[in-house]
Every structure is written in C-alpha cells, then in structure tokens.
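Note sheet for the following structure.
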Ligand code: 6PG
C-alpha cells in the first residue's frame, strides 16, 4: 500500500522492545507505513539507525508528534510489558487521541484487565483491541498468529494490516476476530496453557528416554527429528530436536545437560489453571505443567531429598532391566500423541465453557485454524481439530469427534506402557499421567463420587441423589445398621 496521503502513517507502534520492533518491520515489509515511539528516545534513534535504516519507518519523539503522524481513525499497537505499563501508556496517549481511534494491546495481558480496559477506553470514545500475538521474535517479524478481541468494527479497520502481516497456512492468514472484550487475550492464555502442557509432555518423554533407556540428548534429538516427520509434526518437536542436539562449546557436552533444571514462567500457564478452577472445567495436563515448573524451582530441596528418599536406583533398590529401546520409543511416540490429544481436548473444553460463561460466541474451528501456522503450538494435529469443530461447532469434547475417538483408542495402551516404564524406574510423569487419567475418568460411566457424596452427607448433611429414583436424600448414618 502506498503512502496514505497527506503524509500520514497507516499505523503506530508504541514500544520498541524486540516484539514491537519486529512487528513494525513486518508491517513495513508488507507495504504499510508505520510510525514508532519509544519512551526512551535513544532506543528509537538506535532502531532507526540499525534495523529501521532505509525502511519506511517514521520515528517520533513525543506522543503528541506520534499521534499527529497517524491517519484517522488512528491504529496504535501497544507493545509494552503487560500490567501497569499498559494502563500508563493509555493514560499518556489519551489526550492526543480522537473519537473512534483504535488502541491495540499486543502484549500477554490478563484477559480480565483487557475486559476492564475495553470498558474504560470505550467510555472515553476510543476502541480497544486486546490482541494475543504468538510466535516469538521470529513470528513477529515473519508472520505471527494473532488473536484480536474487541469491537468487530475495530477489527474490520485493522483487518487489511493484520491479514498482511499474519503467518499464512494452507487454511489462510492466521488471524481472525475472536470475540468481544477480553476474548482475544483469553484465547492467547489458553494457547499458552497448551504450550506449557506440550512442553512438559515432551520433557517427560525425553526424561524416560534419558533415564530408562540411557539415551544421550543428541540421540533423543534424533528421535524427535524422526517424530517430526509423522503425526507429532510440530514447531515444538522440531525445536526440541535442535535444542537436544546442541553441544555446549565451553564443555563439549550437550547443552541441555549443562542448563540448570529450573523452569521459569511469566504467568500465563498459571492464569489458565486459575481460570479453569473458577469455571469448574479441569485442564489437568496444563495444571501438571504449571506444578512441574514450580517443583523444578525447588532445586536445593530436590537435591537434599534425593539423598534421603529412596526409590528405584537408590542404595539397595535395584533398577529394572532396560526395556527394548525401539519398542519403548514407539510407545513413547504414541503416548505423546495420546497425551497431546487429551490436553487439547481439555483446553478446547475450557474454551467452550468460557465462551458460554462470558457470552463470547467463540468459533472453535477458526481458533484451531489460526493456530495452524505462526504460533508456538502450531502442529499437524491442529488441522483435524479444525475439522472436528467445523463438522460439529457444539462438540462438547474433542474426544467425542469420531477421528479423535479412534486415535485415542488406538494409542491408549501405549501411554499405559510408557507410564508403567516410568513408574518402574521412579521417573515422574505428572502430565502423561494426567492425560491418561483424564481419559480414564471420562470413559468411566461410574466413578467413586458416590462414596464422596455419602461422606459429605454423613458429616455435613449435604444430601445426595440416587441412581434409582428422583429426589434429594439424607441419611441418619449413625442410626443405620452397617452390614
Ligand atoms: C508465544 C509465547 C510467548 C512467550 C510465553 C513464554 O506464544 O509466542 O507463548 O507469549 O514466549 O509467554 O511464557 P513463559 O515465560 O511463561 O514460559
């Protein structure tokens, strides 16, 4: 697109950390003219002198100059740290905006903050778009997956730019209007929760290969590389192969063996778990991933516990025989596939409940579609998920789709084998186990919740219902004869 005329810019970007910088360059490469602003002027100057050099990027050095440079309605992408900085920058920008201008928060904001900001910004006569952006630095530059929420009208004003800069898969540009208010950031939060689950599952199968099969990280990398040509094909498996094979130049050892085993987190996975509790819709694989990162951070305690708590391989407790390598690797491939399906079923089920609860009218097929490229969880598996929700937009659980029912049934015995192996060797598998337990619980027409109801009624007269007749019942347990 040529210059919008009267010397104005098509879009403004506030915040020139790496994501803001890369998105500005992506916008420019696709023929839209950006203006940029950063709180620290030196950062703007550096950008213009380096990566922005020779590009149609206009640097501005006050918010007044920035706002004046933009065509109307202004389209302003905020790429600042989630939390208080977003409110601060809105406050500073507001005096320079006019009715109908559009503010887009492209950070990983908590969706309830986005709901609040949507109302506050609308009250001032502007439009607010909370947009999840996935794909990391490379994605921002070459094509991210984007999850914008907010007024449909604002989306229409942004659509040409967003569709141009988005990743493209065979199913189209990886962007769609998600829904009102905080819906976009909510969907990004679920994406990140699923990302946590995927990474934990990959880590667990690698742990089984390391400890039960005695494989080196580079050998495990070869397995990931092979898996990436099949049903597990995905960005995370692809980069797992690269990371596993990387050799540390300082020590000559696989770099993963040198990296301290404490996983950090910025909070999106934890937010997903908290929200799932609020909505009463379990996502145990994501929970297991969040919990596992927390346990990993207790490194000194784990080191101490490893000297006092015994298990397979400890003094006097023999390790089992090493199982057949190829058969175990095959079982692990199916176990990972099964667990991924279980995890996605959980995440999508939570999305459905959220859509109903918050009245967002989410389109699950579209959400799966925009995850087929650009984002961190992009995977071959997303296409059949998209198909499942295209065939039945009201699908209560992904496992009820005939394709996924078949896949789950075909791989279930292998996840049991993988978990058996891990148990025999004393290897923790919280996410694999959570994936299997979710499916086992779902396929149990009868669960021991009957006993729980009896206990609740015993100590608190909480009442129960019966299987054989309608109504609400209470028993005077102390007076009843026990058999
Ligand atoms: C993405 C990523 C991105 C970020 C994660 C990391 O979709 O591009 O999810 O948003 O890398 O939020 O999260 P943690 O630091 O919590 O692992």
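Yes/no per residue for (1) assigned to a loop (DSSP other than H, G, I, E, B); (2) in contact with a helix residue (DSSP H, G or I) (Cβ under 6 Å, 6 or more places away or on another chain); (3) on the phi > 0 side of the Ramachandran plot:
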site	(1), (2), (3)
209	no, yes, no
213	yes, yes, no
218	no, yes, no
236	no, yes, no
241	no, yes, no
244	no, yes, no
252	yes, no, yes
262	yes, yes, no
274	no, no, no
> What number of residues within the stretch 246-277 satisfy the criterion of being within 15 Å of the ligand (Cβ to nearest atom), farther than 26 Å from residue 357 by Cα and free of Cβ contacts under 8 Å to residues at least 24 places away in the same chain?
Replying inline: 1
> Are any residues in the stretch 369-428 within 15 Å of residue 346 (Cβ to Cβ) and within 16 Å of the ligand (Cβ to nearest atom), and if so, which ones?
Replying inline: 377
> Across the stretch 174-191, which residue is farthest from the ligand (Cβ to nearest atom) among those that are in contact (Cβ under 8 Å) with a residue 40 or more places away in the chain and outside any helix (DSSP H, G or I)?
Replying inline: 180
> Does residue 149 meet the test of being within 14 Å of the ligand (Cβ to nearest atom) and within 24 Å of the chain's Cα centre (by Cα)?
Replying inline: no
> Out of curiosity, is residue 300 surrounded by fewer than 21 Cβ atoms within 10 Å (Cβ to Cβ), assigned to a helix (DSSP H, G or I) and within 32 Å of the chain's Cα centre (by Cα)?
Replying inline: yes
>> I'd like to verify a number: residues in the stretch 93-140 that are in a helix (DSSP H, G or I) and either within 16 Å of the ligand (Cβ to nearest atom) or within 16 Å of the chain's Cα centre (by Cα) (or both), how many?
In response: 8
> Does residue 394 meet the test of being touching a strand residue (DSSP E or B) at 6+ places or on another chain (Cβ under 7 Å) and either assigned to a loop (DSSP other than H, G, I, E, B) or touching a residue at least 12 places away in the same chain (Cβ under 8 Å) (or both)?
Replying inline: no
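Read the figures in this text as sums done on the coordinates, not as results from a lab. Small disclaimer: the values here were computed from a predicted structure and weren't measured. Heads up, the Cβs are rebuilt from the backbone with ideal geometry, glycines too, and the neighbour counts pull from every protein chain shown.
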